[in-house]
Structures are given as C-alpha cells and as structure tokens.
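Working notes for the structure below.
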C-alpha cells in the first residue's frame, strides 16, 4: 500500500492533486486484478 508521504511526494513532483494520485493508484490495482483473472483474459496469456 502506498503511504500518505509517498502520495504527497508524487503530488508535488508532478503538480497533481493528491486525490488524483490516490485514484490512479487504486485504478491501477483494480485493472491489474481484472486483467489477471482467468475469465477476463480473452485467450491472452
């Protein structure tokens, strides 16, 4: 899990609002889980 200080560092570094960093982090994990599930790979390895 990403901690608050890391979120704030990314926020300052890229000039984004902290909640955008958090949302992107969560969306990345959700998409990773979906793509690794056997029923959602559509025959891809």
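Select from the stretch 1-23 the residues that are part of a loop (DSSP other than H, G, I, E, B) and loosely packed, with under 12 Cβ neighbours inside 10 Å and list them in ascending order.
1, 3, 15, 17
Select, from 39, 13, the only residue that is modelled with pLDDT of 95 or more and out of contact with any helix residue (DSSP H, G or I) (no Cβ under 6 Å at 6 or more places or on another chain).
Just a single option satisfies the conditions, and that option is 13.
The values are calculated or read from the model by the stated rules, or taken from the named source; none is laboratory data. Source: prediction; values computed, not measured. Every residue, glycine among them, receives a Cβ derived from its backbone with ideal geometry; neighbour counts consider all protein chains shown.
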